[in-house]
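Here is the structure we will look at.
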């Protein structure tokens, strides 16, 4: 009898502990989006002590504070250097940060980890192919979240970048880009770049970034471009990507492209690899799974990529018999020209999707800062 009571008591305690743990988990998850750990500094609006410039509020904020911006147009180029700062707009359609064509609109220095930016139209960074790589958001920091924004009329919508000199590295890892509308930028919607070989050898990497549930369209060159030498571990999922020269360009190792709707690429739906020919630039271990590829001039192509896993994608040009075949090429260096550039010989290769989908997937996106 005592043993039975003891067992029942232990089971009851475990159930209570499980419920408490679950409740705490839910509370923490919700608080991540809805509560503010520090003070709230207000920009715009009619409060007696509100700021008129976003940069002034950022300068006065401490790590963990929130800068809340009321509706309006703010002609600024903003720099963030502090960790754990939340920059929230009242409404992404009417809370506008306009860079006035002067460099990037928002710059995150390497000290600005754990920054959240939500609820803005971010526009008019420097435009045009000849005017540099300025962007709506240009980040050299880690663990940031950029969500529920409209990013338009810049060179690049969001640029996760690196900078390396001996003993000093700025990089951009473990960031989340989700539920944004990124459109009509003159070069690229989202760019993640790490191309410095010395940076790769230093074991500092722009890795583990996530691009989820965005609507990315009508950016002139690329929707999403990953230019990564070595490991990337980037996840691209749940996005609607359409009307680019190349909708998705991927290089680097071990990236995942899953559950995206990819349409109307004037050259390619997805292009894997950059075809430079050197081992250091090869693309390895990409997963392309359960995406829609519809109305692209060429749905998929690869250059110098290996161990790509194609599975369960919907291809609008699949004839319905057995596999879906993907053509591509690999390169071998057969010499060097007078300037030291490799001379390449290309060889035709074929990949295949062994289980193409019969019907397109229903891929939805949502927006919202989650602030009540």
Review point. Considering only strands (runs of 3 or more DSSP E) fully contained in region 78-151, which possess at least 3 residues that are assigned by TED's automatic domain parsing to the domain that holds residue 46, farther than 18 Å from residue 59 by Cβ and touching a strand residue (DSSP E or B) at 6+ places or on another chain (Cβ under 8 Å)?
Key: 95-98, 121-123, 135-139, 145-147
Exercise for review: Examine region 305-313 for a residue that is part of a helix (DSSP H, G or I) and either touching a residue at least 60 places away in the same chain (Cβ under 8 Å) or crowded, with 23+ Cβ neighbours inside 10 Å (or both), and state whether such a residue exists.
Suggested key: no
Check your understanding: In region 211-232, what residues are surrounded by fewer than 22 Cβ atoms within 10 Å (Cβ to Cβ), under 12 Å from the mean Cα position of the chain (by Cα) and without any contact (Cβ under 8 Å) to a residue 60 or more places away in the chain?
Key -> 212
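Considering only region 63-77, state which residues are assigned to a loop (DSSP other than H, G, I, E, B) and under 22 Å from residue 94 (Cβ atoms).
Those that are assigned to a loop (DSSP other than H, G, I, E, B) and under 22 Å from residue 94 (Cβ atoms): 70, 71, 76, 77.
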**Study point:** Qualifying residues in region 264-292 (those that are outside any loop (DSSP other than H, G, I, E, B) and crowded, with 22+ Cβ neighbours inside 10 Å) - the one modelled with the lowest pLDDT
**Key:** 283
Check your understanding: Looking at (1) without any contact (Cβ under 8 Å) to a residue 60 or more places away in the chain; (2) in a strand (DSSP E or B); (3) surrounded by 11 or more Cβ atoms within 10 Å (Cβ to Cβ), can you tell me which one residue 344 breaks?
Key -> (1)
Check your understanding: When residues of region 160-193 are filtered for being at pLDDT below 70, in a loop (DSSP other than H, G, I, E, B) and touching a strand residue (DSSP E or B) at 6+ places or on another chain (Cβ under 7 Å), how many remain?
Key -> 0
Review point. Of all residues in region 251-263, how many are on the phi < 0 side of the Ramachandran plot, modelled with pLDDT of 95 or more and within 16 Å of the chain's Cα centre (by Cα)?
Key: 7
Check your understanding: In region 44-62, what residues are at pLDDT 95 or above and part of a loop (DSSP other than H, G, I, E, B)?
Key -> 44, 50, 52, 53, 61, 62
Revision key, fill the gap. Of (1) modelled with pLDDT of 65 or more; (2) on the phi < 0 side of the Ramachandran plot, residue 196 fails just (1)
Exercise for review: Identify all residues within region 233-250 that are touching a residue at least 60 places away in the same chain (Cβ under 8 Å) and either part of a strand (DSSP E or B) or over 15 Å from the mean Cα position of the chain (by Cα) (or both); write none if there are none.
Suggested key: 240
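The values are calculated or read from the model by the stated rules, or taken from the named source; none is laboratory data. Source: prediction; values computed, not measured. Because the Cβ atoms are built from the backbone with ideal geometry, glycine has one as well, and the counts that use them run over all protein chains shown.
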